[in-house]
1. Compute the distance in nm between two label points, each set 7 Å from the Cα along the Cα-to-Cβ direction, one at residue 73 and one at residue 132.
2. Of the listed peptides 79-88, 120-129, what is their order by residue-averaged count of other C-beta atoms within 10 Å, with the highest listed first?
3. Modelled label-to-label distance, residue 84 and residue 100, 7 Å Cα→beta-carbon offset: nm?
Amino acid sequence: MNTKVIVSTAAAVALLAGVAFAQSSTVNGAAGGAVTGAIVGGPVGAAVGGVAGAVVGTAIDPPPEKVVTYVREAPAPSAKVVVKEKVVVGQPLPQTVVVTPVPENPKYSYAIVNDERVIVEPSSRKVIQVIN
């Protein structure tokens with residue numbers, strides 16, 4: 001019985017640590033979760049951490065402050081873009097939304113959707129950050 005409690009506790013700690021570590025962007029995805037889980041909970045933690053890291057996915061690095069400032073201050077287009085879907089970090093924007101490249105940093109694009117400024121990864125159209 002005590003073994004089950006120890007294993008369950010180690011798994012829970014590894015899961016939380018794996019998620020936090022994966023979100024920090026220093027070690028990403030399943031590999032990062034497995035490493036964190038192994039450190040915290042040994043072999044069982046490695047398995048649980050790997051699953052947690054895979055579920056969280058690869059953490060998206062936040063854009064540089066220069067990009068955030070540019071998107072925050074960029075002039076809004078005259079036509080408003082409204083979509084039914086909620087804009088969510090990690091999810092792609094609908095194909096109907098036009099994204100605009102960030103000058104001097106082609107790694108990022110942006111759009112203004114539902115009155116929210118969002119920074120996106122151009123090739124996948126995934127939302128990296130919503131600026132409030």
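1. Going by the 7 Å Cα→Cβ label model, 2.3 nm.
2. Descending packing order for the listed peptides: 120-129, 79-88.
3. Spacing of the two 7 Å Cα→Cβ label points: 2.8 nm.
All of the numbers you see were taken from the coordinates with simple rules; none came from a lab. Bear in mind that the values here come from a model prediction, so they are computed numbers and not experimental data. When we count neighbours, we look across all protein chains shown, and the Cβ atoms used for this are built from the backbone with ideal geometry, even at glycine.
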